[in-house]
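Worksheet: the structure to be examined is printed underneath.
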Amino acid sequence: MSVLSEVTASSRHYVDRLFDPDPQKVLQGVIDMKNAVIGNNKQKANLIVLGAVPRLLYLLQQETSSTELKTECAVVLGSLAMGTENNVKSLLDCHIIPALLQGLLSPDLKFIEACLRCLRTIFTSPVTPEELLYTGPDHQTILFNHGAVQNIAHLLTSVSYKVRMQALKCFSVLAFENPQVSMTLVNVLVDGELLPQIFVKMLQRDKPIEMQLTSAKCLTYMCRAGAIRTDDNCIVLKTLPCLVRMCSKERLLEERVEGAETLAYLIEPDVELQRIASITDHLIAMLADYFKYPSSVSAITDIKRLDHDLKHAHELRQAAFKLYASLGANDEDIRKKIIDTENMMDRIVTGLSESSVKVRLAAVRCLHSLSRSVQQLRTSFQDHAVWKPLMKVLQNAPDEILVVASSMLCNLLLEFSPSKEPILESGAVELLCGLTQSENPALRVNGIWALMMRKLSTEWLNSLPKNMAFQAEQKIKADILRSLSTEQLFRLLSDSDLNVLMKTLGLLRNLLSTRPHIDKIMSTHGKQIMQAVTLILEGEHNIEVKEQTLCILANIADGTTAKELIMTNDDILQKIKYYMGHSHVKLQLAAMFCISNLVWNEEEGSQERQDKLRDMGIVDILHKLSQSPDSNLCDKAKTALQQYLA
């Protein structure tokens, strides 16, 4: 304790001088403090403990302070920020950011520069929350509206390389996922030349690698934002080849990572770009080198560089998985080439259990992309029992991995997948049912989708005798309702997320198929199902949701005993009548299916049902609809009317 007292006592006079009534002595005190803290982390920590930061910020913001004093205060604060992460936290706690941002309004360039340097130091620290400065589309728009594009554009022709690079980086950040900015950039002229043409010149081989990469990013982001066509020469002949070059093993690790990730983003939505990339410079084989780096015979002689690369080699694997995922997103031949690359499936399986969350996520995405291939599901995926490590991933992973892994598992549950039965036997459906209770809507959707796969995967029933097949399918439906629980099913039917609601309606519609199954389910859950249907038809839902709900009613109307739940519910009957006269043909057709099933005259009680519906005015509506210009609607109405005549 005494040692600490001595240390802080030796620093106290620096802080005391900041409170001197003589402005000149205060200025000299700040200058002496600046010299004392340079390269001395202990001194920096002492001054922070002694309360130097609030006083420096006070002096920096005082109108009576000279510009020179304000500048020196900003320099000292910047020096303190260059110390430990705890120093930065202390500065943030004293609300340094607003004070420095206010300083940017000064007319004095030296003071502005000191504030900017300090801000840069603070924002490059990992402990500084990004939201304190501009991040996201809203902030891109604020910068855009304040003339950022026009003010930065002329800097691209600066004689200083550093200035040109910073301008280029600004444009890449402004254009990222921002159509408004990107569409403007396409038409900006700098010295009579359009901005995209300047970017193309900057990604030529004779330019520094950093400049090539950043220019390629600008053009990539503008393309993805819809400002440049994917078949434009500047993308196909310039940007794409430049990014492929960056993947070469001659490039530095960080260049290879950035090149592969930017290329993955560029080609992700476009099958033609995927095909071009796959045959450019043997890219698919080139990416295999990302998994062998650094090799035992590495050409790296710089020990520091080798140490750095060993620590960051996982970033290469992550980038390779991302690019493979984009390359194989659509084309079957490309997927086969990727899987046939040396030890590819083993590398993906290994990637699923890596310690880095980012590598695991990229590996799952790659696997998900390749799992869209029916052929590969039947061969490579089965040979490597991919479902086993995937099940492990699903046991304990962050949501971002769970979303992709559960989507991937749904593919493995498809009827033609040989992995389907072992997955089901290992408890996958129960696991995915648990996802329907997640707070993440994408996970709820995947959980429901998995249940639909379980219900739809019934081709094997065809090989059984009819009675056995019927019993087996009924058991599957009962298992689904048990695994999901009816309470959860009805919670999902009132879910605020549209995708979740649509998938749940689809599942319920599948469960309510085959008459005896309809009657069985409605006998135990009819009251709750009818209540849910009523709420949806009364709610503010879109056409697709209401159409799917009316189709569920049509299935219920096809039951033998279940249809009575509709006939005894006047509220539901009035709703069906209302949708028969709706302005949207889809809803009219769905309502017509309900009526057709209710009036079918070959079934017991049809006369009473027909009479009740006639009294409600349904026959009059059928006559009107039989004159409809829509042929489908017209035919359905005529068929229903014939049931009355038979």
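The values are calculated or read from the model by the stated rules, or taken from the named source; none is laboratory data. The structure presented is a predicted model; accordingly, all values stated were derived computationally and were not measured. Because the Cβ atoms are built from the backbone with ideal geometry, glycine has one as well, and the counts that use them run over all protein chains shown. Side chains are part of the model used for accessible areas, which takes the heavy atoms of the whole protein and leaves out ligands, DNA and RNA. Shrake-Rupley method; radii C 1.70, N 1.55, O 1.52, S 1.80 Å.
A few points about this structure:
- Restricted to the stretch 445-483, and to residues there that are open to solvent by less than 50 Å² (accessible area, probe 1.4 Å) and touching an Asp or Glu at 6+ places or on another chain (Cβ under 7 Å), the residue that is modelled with the highest pLDDT is SER483.
- Considered as a group, the residues in the stretch 70-86 that are assigned to a loop (DSSP other than H, G, I, E, B) and within 16 Å of PHE123 (Cβ to Cβ) include one that is least open to solvent (accessible area, probe 1.4 Å), and that residue is GLY83.
- Residue under evaluation LEU237, criteria (1) modelled with pLDDT of 95 or more; (2) in a helix (DSSP H, G or I); (3) open to solvent by less than 70 Å² (accessible area, probe 1.4 Å), criterion not met: (3)
- Summed over the stretch 218-260, the residues that are among the hydroxyl-bearing types (Ser, Thr, Tyr) and under 18 Å from ILE198 (Cβ atoms) give a count of 3.
- Looking only at the stretch 27-69, and only at residues there that are farther than 22 Å from HIS95 by Cα and of a type in the set (A, V, I, L, M), the one that is surrounded by the most Cβ atoms within 10 Å (Cβ to Cβ): LEU27
- Residue tally, condition outside any helix (DSSP H, G or I) and open to solvent by 70 Å² or more (accessible area, probe 1.4 Å), over the stretch 273-283: 3
- Across the stretch 403-433, the qualifying residues are those that are under 23 Å from the mean Cα position of the chain (by Cα) and more than 29 Å from LYS337 (Cβ to Cβ), and the one among them that is most open to solvent (accessible area, probe 1.4 Å) is LEU431.
- Those helices (runs of 4 or more DSSP H) lying entirely in the stretch 159-202 with at least 1 residues of a type in the set (Phe, Trp, Tyr) and open to solvent by less than 20 Å² (accessible area, probe 1.4 Å): 161-175, 195-202
- The set of residues in the stretch 61-88 that are among the acidic types (Asp, Glu) and modelled with pLDDT of 95 or more comprises GLU68, GLU72.
- Some residue of the stretch 175-196 being touching a Cys at 6+ places or on another chain (Cβ under 7 Å), within 25 Å of GLU210 (Cβ to Cβ) and among the hydrophobic types (A, V, I, L, M, F, W, C): yes
- Close pairs from the stretch 379-393: first β-branched (Val, Ile, Thr), partner open to solvent by less than 20 Å² (accessible area, probe 1.4 Å) and at pLDDT 80 or above, Cβ under 7 Å, at least 6 apart: VAL386/LEU367; VAL393/LEU352; VAL393/VAL364; VAL393/ILE401; VAL393/ALA405
Listed here are the residues, each with its yes/no results for (1) acidic (Asp, Glu); (2) in contact (Cβ under 8 Å) with a residue 12 or more places away in the chain; (3) open to solvent by 20 Å² or more (accessible area, probe 1.4 Å).
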site	(1), (2), (3)
GLY226	no, yes, yes
ASP231	yes, yes, yes
CYS242	no, yes, no
ARG245	no, yes, yes
ARG251	no, yes, yes
LEU263	no, yes, no
VAL271	no, yes, yes
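- Residue in the stretch 303-311 that is open to solvent by less than 30 Å² (accessible area, probe 1.4 Å) and either out of contact with any Leu (no Cβ under 6 Å at 6 or more places or on another chain) or in a helix (DSSP H, G or I) (or both) present: yes
- Qualifying residue in the stretch 125-134 (condition: open to solvent by less than 40 Å² (accessible area, probe 1.4 Å), part of a helix (DSSP H, G or I), small (Gly, Ala, Ser) and farther than 20 Å from ARG224 by Cβ): no
- Residue count for the stretch 356-389, restricted to those that are modelled with pLDDT of 90 or more and open to solvent by 80 Å² or more (accessible area, probe 1.4 Å): 2
- Boolean, GLY39 is of a type in the set (Gly, Ala, Ser), touching a helix residue (DSSP H, G or I) at 6+ places or on another chain (Cβ under 6 Å) and at pLDDT below 90: no
- All positions within the stretch 37-66 that are assigned to a helix (DSSP H, G or I) and more than 21 Å from PHE111 (Cα to Cα): ASN41, LYS42, GLN43, LYS44, ALA45, ASN46, LEU47, ILE48, VAL49
- Near pairs, Cβ below 8 angstrom, 6+ apart or cross-chain, from the stretch 49-69 (aliphatic (A, V, I, L, M)) to any residue that is assigned to a loop (DSSP other than H, G, I, E, B): VAL53/CYS94; LEU57/CYS94; LEU57/HIS95; LEU59/SER65
- The set of residues from the stretch 570-581 being open to solvent by less than 40 Å² (accessible area, probe 1.4 Å) and either over 21 Å from GLN528 (Cα atoms) or in a loop (DSSP other than H, G, I, E, B) (or both) comprises TYR579, MET580.
- For the stretch 614-630, the condition of being without any contact (Cβ under 8 Å) to a residue 60 or more places away in the chain, in a helix (DSSP H, G or I), closer than 29 Å to HIS517 by Cβ and open to solvent by 40 Å² or more (accessible area, probe 1.4 Å) holds for none of the residues.
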